[in-house]
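Below you'll find the structure I mean.
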Number of protein chains: 2
Amino acid sequence: MSTQEKTAADLLVCGTILTLDDKNRIIENGAVAVKDDTIVAVGPAAELEKDFTVKEELSLEYGLVMPGLVNVHTHAAMSCLRGIADDLPLMTWLNEHIFPVEAKLSGEIVYQATLLSILEMIRSGTTSFCDMYLFAMDVARATAESGMRGWISEPLYDFPSPNYGDPTAGFDYVDELFHRYKDHPLITIATAPHSTYTCSPDLLVKLKEQADLHHALYHIHLSETLDEVKTVTERFGCTPVKHLEDLGLLDSRVVAAHCVVLTEDEIDLLARREVKVAHCPESNMKLASGVAPVPVMLAAGIDVGLGTDGSASNNDVDLLSEMDTAAKLHKVHTLDPTVMTAEQTLAMATRGGARLLGAEDRIGSLASGKKADLIVLDLNQPHLTPLYHIPSHLVYAARGADVVHSVINGKVVMKDRKITTLDEEAVLSKMREIAAGF
Amino acid sequence: MSTQEKTAADLLVCGTILTLDDKNRIIENGAVAVKDDTIVAVGPAAELEKDFTVKEELSLEYGLVMPGLVNVHTHAAMSCLRGIADDLPLMTWLNEHIFPVEAKLSGEIVYQATLLSILEMIRSGTTSFCDMYLFAMDVARATAESGMRGWISEPLYDFPSPNYGDPTAGFDYVDELFHRYKDHPLITIATAPHSTYTCSPDLLVKLKEQADLHHALYHIHLSETLDEVKTVTERFGCTPVKHLEDLGLLDSRVVAAHCVVLTEDEIDLLARREVKVAHCPESNMKLASGVAPVPVMLAAGIDVGLGTDGSASNNDVDLLSEMDTAAKLHKVHTLDPTVMTAEQTLAMATRGGARLLGAEDRIGSLASGKKADLIVLDLNQPHLTPLYHIPSHLVYAARGADVVHSVINGKVVMKDRKITTLDEEAVLSKMREIAAGF
């Protein structure tokens, strides 16, 4: 075949391809061809090399090419507070350490801290994240500049915000977010009532109306702790889940983070309403909140994704190690080694996360027509040799540092572990200055 | 001071020094001076540079110098079985997957697989390990060649071994181990009755006599699962711990791996007898064995170290991530975020491990007169910036790949993540060949 008959593409990524597609295909000596922001072919490298002319090729002996990971619950900018206080009761941690520093935050600090967290996310294989944090306009700005894909939301609650001030001003701020990022290739805006214990019923309802107007996600902390359930039950006579149901707010665009404390009836209800659940095992462990009943939720047909939460309560945003912990935690909690298999856990961090975000048609697997969000891991390492079963290695042995290349929306954002979109040293240096001022 | 008045040393390692010594000193802009196999000074870099002439200097901007990690329970050679089977009930996993492959092992395979595991251990900050596996002579050979520090033991049980054959031949094999490695600078031999459910009382007693003759450790799996406790109780009318007590075998040189299923009385007994406990949280989680009562054991004054177990049930030998999991697991299991602080957890993986091995006078902290076993981590990374509290970062955020240099017994075994004692590519390549034959 002559060059004239070949199709032009921008990028060819070669290696063992773990597609996680409908047929769960694994292609040895495979390749993914990318044109603009889209995957245009997935198949044997020899075929794709015949079919396409490309501007750039990424390849690696023992490279594993797979969909980028999806982190469904983060407060990215909390990277600036990582390790400032640990091993404390939740309320002491929040009231005496986190809230006083958060009161000092500014848009600029949040921007810098989000860049820092995005560096860490890209370097550990994440290509999409679903965030909720103060100064969301600056979170979105950092995300767009980094070439990261983000679902961004500003948390609203009944008390004044260090960002927009009076609660009523929050709606205008969120409107402005929707306006600015309408049809943005990387940024999708969501609404974020902080929780049922910090938001009045009126605020909860109005934010759902605002979300629905934009067909947007409704991102909320839900049933994270026993204390939360107790507080809400005392105040409203029912649990947080039942409270949202009574207000008519539960549907398939609700992303409920944590869901640690649930009854079986509540699990059935969440399943019937097609509510999506963001599971954050490491944060729930570190804050001693409890163990979310994920195997039961999965069996009930609930879409569960994996989140790291903020890195002040984790303390990292590495989804590869989060998968490891998730699988092991549920085995020991149920005393059943067969729950949460490597395959199920890997699905939560990829396609399950994409489904949670309503983006399964665009991300979470490698197939022609999908957005080109993919990562390459170097398997030529002691802890990944020999290789019997790829999902096992990804869940139980791989770590963030094994990711060498990352492509988001067709753009190579990391090559040979060097971030191409940001000046890493400048971000680190700026963060040291900021932390010195806290 | 002129050069003539300086003392000659071999190596100076500069950075922030986390000594973990009696005063828990942290020295900014510090240095550790090494002569032969021993630390000869720890202090401010400016002072040590005045006092010593050195042949080699290791330094790194934002480098953290700390004692090498101590892995107190491993089956290193099981690296060749990592990921061959996961997510199965324990007995299915053992009988249908692990034992059939273990029957095919040879000294050469164990040698190669131990090299592989040692590569991974060095690359993730471990400088000492306490191992129990078939063909221990080959484990010891691999350890000595790697420049690793190891406590090595051959497991004995009532049935024939793929290594030495008939159980009675096991004692001669262990005698030969003691003989060959007497006074070896890196290798210490221990005895290893596999467990109370696989060893007759007679075997248990005779191995203790052999251990005591050499003042050696007695390394045994103990109370790992409910099934084990049930089996032993049915057979001997008492629990595994009580069984060892009745045989008069519990003392300060017993290293009991796992100790998941313990009563309060048994914890008191282990404390009184000064038995040492090797805690392996990730393996206990993955195999769904349960959660060892570590906070209670620590409160009772028991010396607890941290182990990874074999990488077929973990599936790695990275003690940095094992610390993270350990701290979080006990918080969520007790629903108390204050248990297992970063400091306590770090102590388990360093000085606590050294104490368990009876080697606290030689390793586990950085102080003049101790053996030079130390590692250097690169803190100039997104997930370790900013830095508020070193133990927090080490336990909750650092990963194996953050370790850049490693020194064992005064020898630089890894420099800039390149292993100096082994041909890494050759080990990986050889392991791929071996695995293809299973």
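Out of every Cα pair in the range A:146-232, what percent are spaced more than 14 Å from each other?
So the portion of pairs separated by more than 14 Å is 64 percent.
Another question, if that's okay. Does a label point 7 Å from the Cα of residue B:300, set along Cα-to-beta-carbon, have any residues of the range B:194-215 with amide nitrogen under 19 Å, and which are they?
B:196
Could you give the size of the charge dipole of the range A:284-393 about its Cα centre, using +1 on the Cβ of each K and R and -1 on the Cβ of each D and E, expressed in debye and rounded to the nearest 20?
The dipole magnitude comes to about 140 debye.
Relative contact order of the range B:69-356: what whole-number percent is it, with Cα pairs under 8 angstrom and at least 6 residues apart?
20 percent
Counting only other chains, what is the mean number of Cβ atoms within 10 angstrom of the Cβ of each residue in peptide B:74-87?
Counting Cβ atoms of other protein chains within 10 Å of each residue's Cβ and averaging gives 5.
Looking only at other chains, what is the average number of their beta-carbon atoms within 10 angstrom of each beta-carbon in A:281-291?
Mean inter-chain Cβ contacts per residue within 10 Å come to 5.
Same structure again: Just A:40, A:139, A:110 to compare: in a GNM of chain A, with alpha carbon springs under 10 Å, which one fluctuates most?
Ranking A:40, A:139, A:110 by mean-square fluctuation puts A:40 first.
Need one number: % antiparallel among DSSP beta bridges in the protein assembly as shown, to the nearest 5.
Just about 45 percent of them are antiparallel.
Using a probe radius of 1.4 Å on protein heavy atoms only, what is the accessible area buried between chains B and A, both sides summed, to the nearest 100 Å²?
Approximately 4900 Å², summed over both chains.
Further question: Would you work out what percent of the accessible area of the protein assembly as shown, with all protein chains in place, is carbon or sulfur (probe 1.4 Å)?
Within the protein assembly as shown, the accessible surface is 51 percent carbon and sulfur.
Rounding to the nearest 10 and keeping the result within 0 to 90°, find how far the Cα-based axis of helix A:167-180 lies from the longest principal axis of chain A.
On a 0 to 90 degree scale, this one is about 20.
A follow-up question, please. Placing unit charges on C-beta atoms (Lys and Arg positive, Asp and Glu negative, everything else neutral), compute the dipole magnitude of the range A:69-356 about its Cα centre in debye, rounded to 20.
520 debye
I would also like to ask the following. If Lys and Arg each add +1 and Asp and Glu each add -1, what is the summed charge of the other residues whose beta carbon sits under 10 Å from the beta carbon of residue A:285?
+1
Let me ask another. Which chain B residue sits with its beta carbon nearest the axis carrying B onto A, and how many Å away is it, rounded to a whole number?
Nearest to the symmetry axis by Cβ: B:401, 2.
Taking R0 as 60 Å, what's the FRET efficiency between residue A:226 and residue B:438 from their Cβ-Cβ distance, rounded to 0.05?
Result of the calculation: an efficiency of 0.80.
A follow-up question, please. Return the Rg/Rh value of the protein assembly as shown, two decimal places, where both radii are evaluated on C-alpha atoms and Rh is the Kirkwood radius.
Rounded to two decimals, Rg over Rh is 0.98.
I've got another one for you. At 7 angstrom along the Cα-to-beta-carbon line, where would the label on residue B:97 sit relative to the other copies? Give the distances in nm, shortest first.
Label-point separations across copies, in nm and ascending: 3.8.
If you don't mind, another one. Using only Cα atoms, find the angle between the long axis of helix A:201-213 and the longest principal axis of chain A, and express it within 0 to 90 degrees, rounded to the nearest 10.
With both axes taken from Cα atoms, the answer is about 30 degrees.
Count the DSSP beta bridges whose two residues both fall in chain B, then state the antiparallel fraction as a percent rounded to the nearest 5.
In chain B, DSSP labels about 45 percent of beta bridges as antiparallel.
Averaged across A:263-270, how many Cβ atoms of other chains sit within 10 Å of each residue's Cβ atom?
The per-residue average across the peptide is 0.
Moving on to the next point. Per residue, how much accessible area does the range A:210-283 have with a 1.4 Å probe, in Å²?
40 Å²
Which is farthest toward the positive dipole end of the range A:69-356 among A:332, A:146, A:220, measuring Cα position about the Cα centre, with Cβ charges +1 (Lys, Arg) and -1 (Asp, Glu)?
The residue sitting farthest along the positive end of the dipole is A:146.
Compute the helix-to-body angle for A:107-123: its Cα long axis versus the longest principal axis of chain A, expressed 0 to 90° and rounded to tens.
40 degrees
Now a separate question. Using a 1.4 angstrom probe on protein heavy atoms only, which residues from the range B:395-411 are buried by at least 10 Å² of accessible area when all chains are present rather than their own chain alone?
B:396, B:397, B:399, B:401
What are the GluC sites (Glu not before Pro) within the range B:1-91 that DSSP puts in a loop, where the Cβ has at most 16 other Cβ atoms within 10 Å?
Listed in order of number, the matching sites are B:61.
Further, regarding this structure: Quick one: in the range A:260-347, what % of C-alpha pairs are over 22 Å apart?
In whole percent, the share of Cα-Cα pairs in the range A:260-347 beyond 22 Å is 23.
If you look at just the Cα atoms of chain A, how large are its Rg and its Dmax in Å?
Rg, Dmax (Cα atoms, Å): 21.3, 75.
I've got another one for you. What is the dipole size for the protein assembly as shown, taken about its Cα centre, with +1 at each Lys and Arg Cβ and -1 at each Asp and Glu Cβ, in debye to the nearest 20?
My answer is approximately 720 debye.
Still on this structure: Which whole-angstrom value gives the distance between the alpha carbon centres of the range B:232-265 and the range A:184-252?
52 Å
Which lysines have a Cα less than 28 Å from the Cα of residue B:6, not counting those fewer than 8 places away in the same chain?
B:23, B:35, B:50, B:55, B:370, B:371, B:411, B:415
Could the peptides A:268-280, B:115-127, B:201-213, B:82-94 be put in order, highest first, of the mean number of other beta-carbon atoms found within 10 Å of their residues?
B:115-127, A:268-280, B:82-94, B:201-213
For the range B:151-160, take each phi angle, set θ = phi - 60°, evaluate the Karplus expression 6.51 cos²θ - 1.76 cosθ + 1.60, and give the result in whole Hz per residue in order, putting x for glycine and proline.
Going residue by residue, I get 9, 10, 8, 9, x, 10, 7, 6, 10, x Hz, with x marking Gly and Pro.
Measuring from centroid to centroid over Cα atoms, what is the spacing of the range A:2-70 and the range B:348-408 in Å?
A separation of 41 Å, based on Cα centres.
Next up: Packing-wise, with mean Cβ within 10 Å as the measure, how do B:330-336, A:318-324 rank, highest first?
Result, highest mean first: A:318-324, B:330-336.
State log₁₀ I(q)/I(0) for the range A:81-187 at q = 0.13, 0.18, 0.19, 0.20 Å⁻¹ as given by the Debye formula over alpha-carbon point scatterers of equal weight, solvent excluded.
Here the Debye-derived log intensity ratios amount to -0.53, -0.96, -1.05, -1.12.
Rank A:359, B:294, A:168 by how far each Cα sits towards the positive end of the charge dipole of the protein assembly as shown (+1 on Lys, Arg Cβ; -1 on Asp, Glu Cβ) and give me just the farthest.
Positive-end residue among those listed: A:359.
With each run of n ≥ 4 DSSP H residues scored as -39500 (n - 2.57), what mean residue ellipticity at 222 nm is computed for the protein assembly as shown after dividing by its residue count and rounding to the nearest 500 deg cm²/dmol?
-10000 deg cm²/dmol
The values are calculated or read from the model by the stated rules, or taken from the named source; none is laboratory data. Just so you know, these numbers come straight off a predicted model, no measurement behind them. Glycine gets a Cβ as well: all are built from the backbone with ideal geometry, and neighbour counts include every protein chain shown. Please note that ligands, DNA and RNA were not included when accessible areas were found on the heavy atoms of the full protein model with its side chains. Shrake-Rupley method; radii C 1.70, N 1.55, O 1.52, S 1.80 Å.
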